[in-house]
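*Asks:* Sharing a structure here in structure tokens format.
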Amino acid sequence: MKKIALFGAAGAVGKSIADALRARGIEYRVVGRNRGELEKTFGGDPLAEIVTWNPDDPESVRAAARGVGTLIYLVGVPYDRFELHPVLMQKTLDGAIAEGVERLVLVGTVYPYGMPVTTPVKETHPRTPQTYKGRMRKAQEEVLLKSHAEGKIQGTILRLPDFYGPGVEKSFLHSLFEAAAKGGTANMVGPIDTPHQFVYVPDVGPVVLDLAAKPEAYGRWWNFGGSGVMTQREIANDVFAMAGRKPKTLVAGKTMLRLVGLFQPIMRELVEMNYLLTTPVLLDDNALVGLLGSVRRTGYAEGLRLTLEAYQNADEK
């Protein structure tokens with residue numbers, strides 16, 4: 001039986017998918033550049049095969065994809081190097097197709113939709129990104145969809161909103177959980193009073209696996225709205241209350257991001273995406289639910305509590 005491989009597995013979503021595979025007793029391969037990071041995360045799992053790759057080396061890509069039936073694509077790039085997204089997708093596809101990989105699932109974002117013209121946003125919403133990052137993510141998708149249309153590989157895309165969860169540091173809510181767990185002020189990107197969607201990362205793995213197993217899922221994209229709609233301020237108030245602390249937040253809007261960006265260039269990269277907080281893309285995932293029958297969806301009350309507890313326990317160790 002051909003394996004499932006997680007390319008770019010070292011992040012939080014890769015761990016969630018691996019947890020779901022382990023729960024189902026399915027062997028899998030994790031692929032990344034840094035063997036040490038992979039060993040730290042997956043080394044204790046007898047179901048996991050660890051493989052390193054260099055996406056700039058075609059033979060390395062082919063070796064990583066050899067014997068794989070379904071490739072789940074999670075490859076990240078630096079936030080200021082989004083031009084690499086379509087390039088790395090093409091290099092991965094070239095190797096995967098050459099090795100006879102049958103299916104590729106891209107775990108994607110809301111960026112390609114651009115500024116929302118409807119609320120909520122269904123899969124039929126136009127992909128008209130106004131930002132550079134959105135255009136590069138759309139270009140990445142087009143590379144996959146072209147290969148699917150040409151019959152070279154079956155491709156599908158799962159769009160996720162922003163995320164949070166235990167141990168998830170690359171989240172808008174990371175500083176909030178740290179402040180609630182340890183005391184201090186939560187640094188947040190605002191505005192924080194607009195409706196927003198977050199997905200609890202442990203929910204992602206089962207949804208990805210269920211989607212990958214559906215033949216009718218391929219050739220298009222799907223939305224997953226996660227835990228639903230809530231404002232960041234409501235989340236902050238709830239998390240601080242769970243911790244028994246008074247809410248303390250420092251909110252950086254577009255102007256402050258520009259100023260901070262003078263000294264921390266990576267913060268400048270958040271400016272063009274600030275529309276996601278002023279006019280958020282709220283995903284309608286009825287099509288996904290219709291396809292899968294049901295989706296794992298942890299409510300905010302439970303997800304925020306479990307995440308806070310993980311931060312508190314980490315502080316105690």
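The values are calculated or read from the model by the stated rules, or taken from the named source; none is laboratory data. Keep in mind it's a predicted model, so treat the numbers as computed, not measured. Every residue, glycine among them, receives a Cβ derived from its backbone with ideal geometry; neighbour counts consider all protein chains shown. Please note that ligands, DNA and RNA were not included when accessible areas were found on the heavy atoms of the full protein model with its side chains. Shrake-Rupley method; radii C 1.70, N 1.55, O 1.52, S 1.80 Å.
*Asks:* What FRET efficiency do you get for residue 128 and residue 272 if R0 is 22 Å and r is their Cβ-Cβ distance, rounded to the nearest 0.05? Could the numbers behind the result be given before it?
*Replies:* Values: r = 15 Å, r/R0 = 0.68.
After rounding, the FRET efficiency stands at 0.90.
*Asks:* In Å², what does the accessible area per residue of the chain work out to with a 1.4 Å probe?
*Replies:* Details: 13960 Å² over 317 residues.
On a per-residue basis, the chain sits at 44 Å².
*Asks:* What are the extents of the Cα atoms of segment 77-145 along their three principal axes, listed from largest to smallest and rounded to whole Å?
*Replies:* 41, 27, 14
*Asks:* Something else: Could I have the simple spin-label model distance between residue 47 and residue 185, label points 7 Å from Cα toward Cβ, reported in nm to one decimal?
*Replies:* 4.5
*Asks:* About the Cα centre of segment 127-219, what is the dipole size in debye to 20, counting +1 per Lys and Arg Cβ and -1 per Asp and Glu Cβ, all else neutral? Display every interim value, and only then the final one.
*Replies:* Details: 11 positive and 10 negative charges, 78 e Å.
Using only the charged Cβ atoms, the result is roughly 380 debye.
*Asks:* Between segment 58-111 and segment 231-306, how far is it from one alpha carbon centroid to the other, in angstrom?
*Replies:* With segment 58-111 and segment 231-306 each reduced to a Cα centre, they are spaced 28 Å.
*Asks:* What size of dipole, in debye to the nearest 20, comes out for the chain about its Cα centre when the only charges are +1 on Lys and Arg C-beta atoms and -1 on Asp and Glu C-beta atoms?
*Replies:* Details: 38 positive and 35 negative charges, 54 e Å.
Value, rounded to 20: 260 debye.
*Asks:* Relative to the longest principal axis of the C-alpha atoms of the chain, give the angle of the C-alpha long axis of helix 300-316, reported between 0 and 90° and rounded to the nearest 10°.
*Replies:* 90
*Asks:* Provide the per-residue ³J(HN,Hα) series for segment 106-116, in order, calculated from phi with Karplus coefficients 6.51, -1.76, 1.60 and θ = phi - 60°, each as a whole number of Hz, with x at glycine and proline positions.
*Replies:* Listing the rounded values in order: 9, 8, x, 10, 7, 3, x, 5, x, 5, x Hz.
*Asks:* Can I ask one more? Roughly speaking, what % of Cα-Cα pairs in the chain are separated by over 24 Å, rounded to a whole number? Walk me through the numbers before you get to the answer.
*Replies:* On the way: 27353 of 50086 pairs.
Result: 55 percent of Cα pairs exceed 24 Å.
*Asks:* If each residue of separation counts as 0.36 nm, what is the full-extension length gain between residue 170 and residue 33 once their alpha-carbon separation is subtracted? Intermediate results must be reported in sequence, preceding the final value.
*Replies:* Details: separation 137, 0.36 × 137 = 49.32 nm, distance 1.88 nm.
The span from residue 170 to residue 33 would gain 47.4 nm if fully extended.
*Asks:* Mind grabbing the accessible area of residue 148 for me, 1.4 Å probe, Å², rounded to tens?
*Replies:* Per-residue accessible area (residue 148): approximately 40 Å².
*Asks:* Using the basic label-point model (7 angstrom from Cα toward the beta carbon), what is the residue 142 to residue 2 distance in nanometres?
*Replies:* 2.7
*Asks:* For a Förster distance of 35 Å, can you work out the FRET efficiency between the beta-carbons of residue 19 and residue 83, rounded to the nearest 0.05? Mind showing how you got there, number by number?
*Replies:* Working: r = 32 Å, r/R0 = 0.92.
Computed FRET efficiency for residue 19 and residue 83 comes out at 0.65.
*Asks:* Could you look at the chain and say what percent of its accessible area is carbon and sulfur, using a 1.4 Å probe and all protein chains?
*Replies:* Numbers: 7420 of 13960 Å².
Answer for the chain: carbon and sulfur cover 53 percent of the accessible area.
*Asks:* Could I have the simple spin-label model distance between residue 264 and residue 250, label points 7 Å from Cα toward Cβ, reported in nm to one decimal?
*Replies:* So the two model labels end up 0.9 nm from each other.
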